[in-house]
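To start, the structure itself, in structure tokens.
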Amino acid sequence: MKGATATARAHANIALSKYWGKSDTTYNLPAVPSISITLAPLVTETRVRFVDGLGEDRLELDGQAARPRELQRAVELLDRVRAESGMALRADIQSRNDFPTAAGLASSASGFCALAAAARAAAGLPFERPAISALARWSSASAARSAFGGYVELPAGAPGEAHLTAEPLFDPSHWELAIVVAVTAEGRKSVASTDGMGLTKRTSPYYNAWLAAAPGLNDEVRAGLASRDLQRLGRAMEQSTLAMHASAIAADPGLFYFQPATLEVWMAVRHLRDEHGISAFATADAGPHVKVLCRRSEAPEVERLLGEVPGVLRTLRALPGAGVHVVEGEEVT
Ligand code: DP6
């Protein structure tokens, strides 16, 4: 059948201003706006095959059968594609990350974005980034941002806004920035983002303070990007990160994504600024790893110095990359 198989590639992204909290769990809409960099070379490649006679959808991640919760999220995405396209068949999905889960970068953003693009293409739907972004957002809101390359914004959603999509702000070539990831622990994070933000909303006395602060910090991040002002961007990014984590730490029970090594790296980044005169700024998501934003020209030095911080297991470097694309006729190996 024409179009019944398609493969797509999507890059991971890292938020400069953070999404934390939902305004609507049915449509998975963020309560606050966020801005990210889509990162090369970290890529997920996903192949979707709609197969005649298959009884149920199947999902393999890096060659292993997915866990029930992951499969369920993929099935829900496929159901939306089936409803829109009229395709009734079940699908076989193979997905591979070219970066280890232990690299310290969530694979859910690139994973759901690649799945959304491949599933739509395999079902014969047109390649439209906003449609891919909205579909990916429904599964994982940060995935909406990987539909576009470079610097990308996902606005906050009003309840019921089913078609909310991310929007491209600037191409990858807008500014020669780099992200250095300092990996501080092995293994999966303890509390998934979806659960962590739900707990924060229900129990943290600082959740409303976070909702009040986030839009202004997001505006600062956008202004810093537009004017290529690294001080302005970096300060707003750090404050967005710390305000998000403060709201989570004040939940009941308190939600600590930071480990001791996370703080070691955070302090080392301050030291880089104060003692080495390097414009480097830290951020962290729902995990213990630190991602450091700096100029591309200074990234090798930042990487070398972070590699010496106690508790840092390894480092890796990423640059602004391209949006999701469909790869014709290629197989996931
Ligand atoms: C801390 O997109 O993983 O990385 O929509 O529930 O799947 P769900 O959450 P997810 O949350 C990402 C949270 C974050 C910040 C960010 O990427 O903006």
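Brief remarks on what is shown
- Only residues that are open to solvent by 10 Å² or more (accessible area, probe 1.4 Å) and closer than 23 Å to Gly53 by Cβ were counted across the range 93-114, and they come to 2.
- Strands (runs of 3 or more DSSP E) contained in the range 232-333 and holding at least 2 residues closer than 30 Å to Gly21 by Cβ: 281-283, 290-295, 314-320
- Residue in the range 38-55 that is within 16 Å of the ligand (Cβ to nearest atom), in the same structural domain as Ala136 (by TED's automatic domain parsing), more than 27 Å from Gly124 (Cα to Cα) and at pLDDT 95 or above present: yes
- Residues in the range 170-209 that are touching a Gly at 6+ places or on another chain (Cβ under 7 Å) and either modelled with pLDDT of 95 or more or part of a loop (DSSP other than H, G, I, E, B) (or both): Phe170, Asp171, Pro172, His174, Val181, Thr184, Lys189, Met197, Thr200, Lys201, Tyr207.
- If the condition is being free of Cβ contacts under 8 Å to residues at least 60 places away in the same chain and either within 27 Å of Asp195 (Cα to Cα) or over 24 Å from the mean Cα position of the chain (by Cα) (or both), then the range 273-297 contributes Arg273, Asp274, Glu275, His276, Gly277, Ile278, Ala282, Ala284.
- Test result for Leu71, in contact with a His (Cβ under 8 Å, 6 or more places away or on another chain) and within 16 Å of the ligand (Cβ to nearest atom): no
- Considered as a group, the residues in the range 200-219 that are touching a helix residue (DSSP H, G or I) at 6+ places or on another chain (Cβ under 8 Å) and surrounded by fewer than 19 Cβ atoms within 10 Å (Cβ to Cβ) include one that is farthest from Gly157 (Cα to Cα), and that residue is Tyr206.
- Glu238 vs. criteria touching a residue at least 24 places away in the same chain (Cβ under 8 Å), within 16 Å of the ligand (Cβ to nearest atom) and not assigned by TED's automatic domain parsing to the domain that holds Val152: yes
- For the range 297-313, a tally of residues being open to solvent by 90 Å² or more (accessible area, probe 1.4 Å) and over 19 Å from Glu186 (Cα atoms) returns 2.
- In the set Leu225, Leu125, only one residue is in a helix (DSSP H, G or I), closer than 24 Å to Leu29 by Cβ and touching a helix residue (DSSP H, G or I) at 6+ places or on another chain (Cβ under 7 Å); that residue is Leu225.
- Any chance Ala15 is under 13 Å from Leu154 (Cβ atoms), open to solvent by less than 10 Å² (accessible area, probe 1.4 Å), modelled with pLDDT of 95 or more and hydrophobic (A, V, I, L, M, F, W, C): yes
- Only listed residue being among the charged types (D, E, K, R), without any contact (Cβ under 8 Å) to a residue 60 or more places away in the chain, open to solvent by 10 Å² or more (accessible area, probe 1.4 Å) and assigned by TED's automatic domain parsing to the domain that holds Glu45, chosen from Glu161, Glu167, Glu153: Glu167
- Filter result for Arg9 (within 30 Å of Cys294 (Cβ to Cβ) and away from the ligand (no atom under 16 Å from the Cβ)): yes
- Within the range 12-28, if we keep just the residues that are within 15 Å of the chain's Cα centre (by Cα) and either among the acidic types (Asp, Glu) or not in a loop (DSSP other than H, G, I, E, B) (or both), the residue that is nearest to the ligand (Cβ to nearest atom) turns out to be Ala15.
- As a summary of the residue check, Arg235 satisfies the conditions (1) surrounded by fewer than 22 Cβ atoms within 10 Å (Cβ to Cβ); (2) at pLDDT 95 or above; (3) under 18 Å from the mean Cα position of the chain (by Cα) except for the one numbered (3).
- Listed conditions (1) over 30 Å from Ala261 (Cα atoms); (2) away from the ligand (no atom under 13 Å from the Cβ) are all met by Asn97, apart from (1).
- Residue within the range 74-90 that is open to solvent by less than 30 Å² (accessible area, probe 1.4 Å), in contact (Cβ under 8 Å) with a residue 12 or more places away in the chain, within 26 Å of Thr262 (Cβ to Cβ) and of a type outside the set (Val, Ile, Thr) present: no
The values are calculated or read from the model by the stated rules, or taken from the named source; none is laboratory data. These numbers were taken from a predicted model, which means no experiment stands behind them. When we count neighbours, we look across all protein chains shown, and the Cβ atoms used for this are built from the backbone with ideal geometry, even at glycine. Note: accessible area is taken over every heavy atom of the protein model, side chains too, but ligands, DNA and RNA are not part of it. Shrake-Rupley method; radii C 1.70, N 1.55, O 1.52, S 1.80 Å.
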